[in-house]
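The values are calculated or read from the model by the stated rules, or taken from the named source; none is laboratory data. Keep in mind the model is a prediction, meaning the values are calculated, not measured. As a convention, Cβ positions derive from the backbone with ideal geometry for all residues, glycine included, and neighbour counts pool all protein chains shown. Just so you know, the surface numbers come from the protein's heavy atoms only, side chains and all, with ligands and any DNA or RNA stripped out. Shrake-Rupley method; radii C 1.70, N 1.55, O 1.52, S 1.80 Å.
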Amino acid sequence: MRTIAEACRWASRRAGLDGVIAPTQSPEHAAQVAAAAHSAGAAAIFGCGGDGTLAAILQGLPAGSPTALGAMPLGTANVWVDETRIPRQPVRALEAQLDVLNGMRGATLWADTGRIHTPDHSRRFLLMAGFGLDAAAVAGIVASRRRQRLKRLIGEPIYFFSAVSEAIGQSGWRVRMSIDGGPPQDAEIGMLTVGNTRQIGTWLEINPRAVATDGMLDVILVDAPPWRALALAPLARNGLMVESPGVRHLRLRKLELWPLGTPPPCQVDGDPGPTGVHTIEIEPYSLRILSPNPDAPVLAGDLA
């Protein structure tokens, strides 16, 4: 098959389903296409790209939409595909999810999403929002043409190299936070992630306790300077970072963050996010997904 469009048409015909190919020019356009698919009553919409493509589509799907989100992995990391154990070969991934849609395998599930608010901005997220070192690494790539070229050349490892560069000489970011409306407490952020999934990229499992179908957000906080988070990264290769001294795991429905001094950088599903005061909250069971492997740990938790 010569093109992605041809592959999509072939897989749709094989599954006996009608499909519409909708090339998009921007994240905003992708959200508009998703909103139109929801309004038209589409059974599913597939993002042909990476996690950023899925995140853009998510902005156009209202919480609770019956239109399921599917993925054809063509991005740099494809974390959602990796965590939910969708086949990584693009055509096989499409076929497997269309089989779910036809009731031939797997299951249709309702997954959680998150929503991050600032005073003038609100955005849904599929994977996680991050503050501190991981967000600085993302911002460093976006701001550097050299790092962007390296991303195209070597792919996912550029995020580690960018994190090393950003950690040098950087002190932690002081914040005040409230958990589920509780009393404020102060912390130093080396790295803080809030989300439904376990991995940063496909090789660091920083939060092995997260489940995307439990109605809760999972938080990992490295209450130390960024170099400490970087030093702990090798432990995340085996899901052991969460057990380390100075690392806190929290499970909550709502987190409020106020910067005390310089605001920490923010990333949302791998893209730079707004800085300032944030409220992050769960949207439980709000996203319909096609799961060829519903026993994936991030979907089934301790039952996997």
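Residues that are surrounded by fewer than 19 Cβ atoms within 10 Å (Cβ to Cβ), part of a strand (DSSP E or B) and at pLDDT below 95 occur at least once in region 270-290.
Of the strands (runs of 3 or more DSSP E) lying entirely inside region 71-144, those containing at least 3 residues that are more than 30 Å from THR262 (Cβ to Cβ) span 107-118.
For region 240-269, a residue qualifies if it is assigned to a loop (DSSP other than H, G, I, E, B), within 20 Å of LEU127 (Cβ to Cβ) and open to solvent by 60 Å² or more (accessible area, probe 1.4 Å), and exactly one does: ARG253. When each of ILE154, ILE168 is tested for being hydrophobic (A, V, I, L, M, F, W, C), open to solvent by 50 Å² or more (accessible area, probe 1.4 Å), at pLDDT below 95 and over 19 Å from PRO73 (Cα atoms), the lone residue that passes is ILE168. All of SER171, SER162, SER122 fail the test of being hydroxyl-bearing (Ser, Thr, Tyr) and farther than 19 Å from PRO226 by Cα, apart from SER122. Remark: pairs (first residue in region 1-25, closer than 17 Å to ARG92 by Cβ and open to solvent by less than 60 Å² (accessible area, probe 1.4 Å); second residue at pLDDT below 85 and not in a helix (DSSP H, G or I); Cβ separation under 6 Å; 6+ apart in sequence or on different chains) = ALA7/MET1.
Scanning region 163-176 for residues that are out of contact with any Leu (no Cβ under 9 Å at 6 or more places or on another chain) and among the small types (Gly, Ala, Ser), which turns out nearest to ILE141 (Cα to Cα)? Top of the filtered list is SER165. Between ALA111, ALA96, ALA137, ALA107, the distinction of being touching a Gly at 6+ places or on another chain (Cβ under 8 Å) and either touching a residue at least 12 places away in the same chain (Cβ under 8 Å) or open to solvent by 60 Å² or more (accessible area, probe 1.4 Å) (or both) belongs to ALA96 only.
Residues are listed down the side, and each one gets a yes or a no for (1) open to solvent by 50 Å² or more (accessible area, probe 1.4 Å); (2) modelled with pLDDT of 95 or more; (3) within 19 Å of TYR159 (Cα to Cα):
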| position | (1), (2), (3) |
| --- | --- |
| ALA35 | no, yes, no |
| HIS38 | yes, yes, no |
| GLY50 | no, no, yes |
| LEU61 | no, yes, no |
| LEU69 | no, yes, no |
| THR76 | yes, no, yes |
| TRP80 | no, yes, yes |
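Residue pairs whose Cβ atoms lie under 8 Å apart, sitting 6 or more positions apart in sequence or on different chains, and linking a residue in region 239-254 that is under 19 Å from THR213 (Cβ atoms) to a partner that is of a type in the set (Ser, Thr, Tyr), are LYS254/THR279.
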